[in-house]
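See below for the structure under consideration.
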Amino acid sequence: MIPSVQSTHATSDMYWADERLGVDRLKGAYAYNDLLKQNGWLPNGSDFPVEYINPLFGFYAAVARKDQEGWPEGGWQMENALSREQALRAMTIWAARAAFEEGVKGSLESGKLADFVITRKDLMTVPENELFSIEVESTWSGGELVWKP
């Protein structure tokens, strides 16, 4: 069994989840870090078109567990937040592994497809409140430039 999550659900559902799920069920409903600890790896996606396709929104939700206004202060269910490194792996190499494509996708290595983006700021070090709004400078697919503003 391969658990797969869409981290933006935690931040889009946090406003009403306790009312609909109840306190007991809520504890395990968005338990991304718990799943990671149990499985050793955890793929993460966007669940587009239910959620926004922008992967930076999912990265921010996984790490900060807040909405884009910074609510709630301190984050929501932070015991199940992912580190930036875990969130990056969840959206790259672990997502490729879940699709049984880690030999061709998910990391930049010789012989792989070389699908990646170049961002204006480093998502591993930028202040948390800037994570969802980092500008993308270019998008590459198969090692070829496919988008540049």
*What's the number of the condition ASP13 fails, among (1) under 15 Å from ALA95 (Cα atoms); (2) free of Cβ contacts under 8 Å to residues at least 24 places away in the same chain?*
(1)
*Taking the stated definitions as given, is GLU85 assigned to a loop (DSSP other than H, G, I, E, B), over 17 Å from GLN6 (Cβ atoms) and modelled with pLDDT of 95 or more?*
no
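Find the residue count for region 31-59, including only residues that are assigned to a loop (DSSP other than H, G, I, E, B) and among the acidic types (Asp, Glu).
Qualifying residue count, region 31-59: 2.
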*Does region 62-79 hold any residues that are part of a helix (DSSP H, G or I) and either within 13 Å of ASN33 (Cβ to Cβ) or more than 11 Å from the chain's Cα centre (by Cα) (or both), and which are they?*
ALA62, VAL63, MET78, GLU79
*What pairs can you find where one residue is in region 17-41 and farther than 19 Å from GLY58 by Cα, the other is of a type in the set (Val, Ile, Thr), and their Cβ atoms are less than 7 Å apart, with a gap of 6+ or different chains?*
none
*Only one of (1) at pLDDT 95 or above; (2) assigned to a helix (DSSP H, G or I); (3) over 9 Å from the mean Cα position of the chain (by Cα); (4) not polar (S, T, N, Q) fails for GLY28. Which number is that?*
(1)
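The values are calculated or read from the model by the stated rules, or taken from the named source; none is laboratory data. For clarity, every value in this text was computed on a predicted model and none was experimentally measured. Don't worry about glycine lacking a Cβ; one is built from the backbone with ideal geometry, like all the others, and counts go over all protein chains shown.
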